[in-house]
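Read the structure below first, then the notes.
Read-outs: derived from the displayed coordinates by stated rules, not from any lab. Just so you know, these numbers come straight off a predicted model, no measurement behind them. In this analysis, Cβ positions are derived from the backbone assuming ideal geometry, glycine residues included, and neighbour counts consider all displayed protein chains.
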Amino acid sequence: MNTIDLTNRYESMIYRRCGNSGLKLPALSLGLWHNFGHVNVYENSKNLIATAFSKGITHFDLANNYGPPPGSAEETFGKILKENFKSYRDEMIISSKAGYKMWDGPYGEWGSKKYLISSLDQSLKRMKLDYVDIFYHHRPDPDTPLEETMAALSLIVQQGKALYVGISNYQAQDAEKAFRLLKEMGTPCLIHQPKYSMFERWVEDGLMDVLKEHGVGCIPFSPLAQGLLTDKYLHGIPADSRVATSGVFLNEKNLTPEKLAVISKLNEVAKSRNQKLAQMAIAWLLKDDRVTSVLIGASKLEQIIDSLEGLNNISFSSEELKEIDSILAGKS
Ligand SMILES: NC(=O)c1ccc[n+]([C@@H]2O[C@H](COP(=O)([O-])OP(=O)(O)OC[C@H]3O[C@@H](n4cnc5c(N)ncnc54)[C@H](OP(=O)(O)O)[C@@H]3O)[C@@H](O)[C@H]2O)c1
């Protein structure tokens, strides 16, 4: 940590306004889903945060269940903050979420008021914080009335436990209902967090338009498709990669010959733009100004430095976009 220089942290980062709000987010944000659990090396987790912050990445994204074990990423982050960044709290945007299973019984997951309020209280204790900047409902709940879930989010803001609220993994129609409800309650939705990458484009089919219409920001998660949209798997499976070390959410079955052929072709397009594939994958999302910030993960600090270079060229010619579309559609 002592070796990481924070002096010029705001010199090169781009900050984008989040929807119609007053809040700006860095074009690249860091997520703590992997690599921050108690199973990981604390020193590495600390260096990832320090590296990101030293480069102007002011936004750190967590959830109640990140680890493993669940909850431990928040504990690790709280410890890193307390030991190294206590005086920088006002320069950071820290988010957490609740929606997935966190504890046993009927109140430990989904979208009831009981679960959301209890879960955020637990998250604040784990991170040793008085408030989070953004609190999300992590996934839609088919059984709880949307009114109850949104009222819980609104209450959390009124109580000062979060400054803003967001939703994640909501399809366009439900997202729109949620935005209307929140607006009526006087707590406009700040942001939506969907899965979006060159390999996962469902948001283009309606959601992005709804976000624009309602002035809600967008922070795509897994922009590198968990590492597939990089050159790392083109010559086998590195021992320190997510496929080799985690295997739960990404495994060898995701690396079919067809997928690798597509990755290889995309890699050639990236090279022709003087970018690495990871950089192009990030730039490809940021070409759309409705995207506020791209939410990456990283296991090594070099990956953060590497991904940041994607911000140097975020424009694409129409030929490049056509070629990428054609590769993704399996037509070239
Ligand atoms: N809302 C939700 O439901 C939801 C769900 C999932 C994630 N998220 C959020 O999104 C964040 C990011 O998700 P993600 O980790 O799947 O994102 P990602 O950026 O698609 O994948 C990150 C992984 O790719 C590899 N990588 C990153 N940069 C690289 C580079 N420059 N070159 C080569 N490899 C690189 C690393 O894996 P290895 O080095 O280990 O191979 C890294 O851990 C999470 O931390 C979380 O905050 C939200």
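Indicate the gyration tensor shape class of the stretch 182-332 (rounded, prolate or oblate), computed on the Cα atoms with a ≥ b ≥ c the square roots of the eigenvalues: a/c under 1.5 is rounded; otherwise a/b larger than b/c is prolate and the rest oblate.
prolate
Whose amide H sits under 5 Å from the amide H of residue 164, counting only residues 5 or more places off or on another chain, with H placed in the peptide plane?
Sorted by chain and number, the residues that satisfy this are 134, 135.
What is the antiparallel percent of DSSP beta bridges lying wholly in the chain, to the nearest 5?
15
Using each residue's phi in the stretch 107-120, evaluate 6.51 cos²θ - 1.76 cosθ + 1.60 at θ = phi - 60° and report the 3J(HN,Hα) Karplus result to the nearest Hz, with x for Gly and Pro.
Those phi angles translate into 10, x, 7, 6, x, 6, 4, 4, 5, 5, 5, 5, 5, 5 Hz.
Taking neighbour Cβ counts within 10 Å as the exposure measure, how do 165, 243 sort from fewest upward?
The order, fewest Cβ neighbours first, is 243, 165.
What ranking of 230, 245, 187 emerges when the number of other C-beta atoms within 10 Å of each C-beta is taken as an exposure proxy, fewest first?
In increasing order of surrounding Cβ atoms, one gets 245, 187, 230.
Short version: ³J(HN,Hα) in whole Hz for each residue of the stretch 43-50, in order, from phi by Karplus 6.51 cos²θ - 1.76 cosθ + 1.60 (θ = phi - 60°), x for Gly and Pro, what are they?
Computed from phi, the couplings for the stretch 43-50 are 4, 5, 4, 4, 5, 5, 5, 5 Hz.
Do the alpha carbons of any pairs in 232/265; 212/276; 55/300; 232/322; 232/331 sit beyond 22 Å of each other, and which pairs? Mind showing how you got there, number by number?
Numbers: 232/265 14 Å; 212/276 30 Å; 55/300 15 Å; 232/322 25 Å; 232/331 24 Å.
Pairs exceeding 22 Å: 212/276; 232/322; 232/331.
Got a sec? How would 135, 179 order by Cβ neighbour count within 10 Å, fewest to most?
On the way: 135 28, 179 23.
In increasing order of surrounding Cβ atoms, one gets 179, 135.
Whole-Hz ³J(HN,Hα) for each residue in the stretch 156-170, computed from phi via Karplus 6.51 cos²θ - 1.76 cosθ + 1.60 with θ = phi - 60°, x for glycine and proline: what do you get?
4, 5, 4, 6, x, 7, 9, 8, 9, 10, x, 10, 9, 6, 8
For the stretch 211-278, what is the charge dipole size about the Cα centre, in debye to the nearest 20, if Lys and Arg each add +1 at the Cβ and Asp and Glu each add -1 at the Cβ?
Computed charge dipole of the stretch 211-278: roughly 140 debye.
Taking only Cα atoms and a 10 Å spring cutoff, compute GNM fluctuations for the chain and point out the largest among 276, 232, 161.
Of 276, 232, 161, the most mobile in the Gaussian network model is 232.
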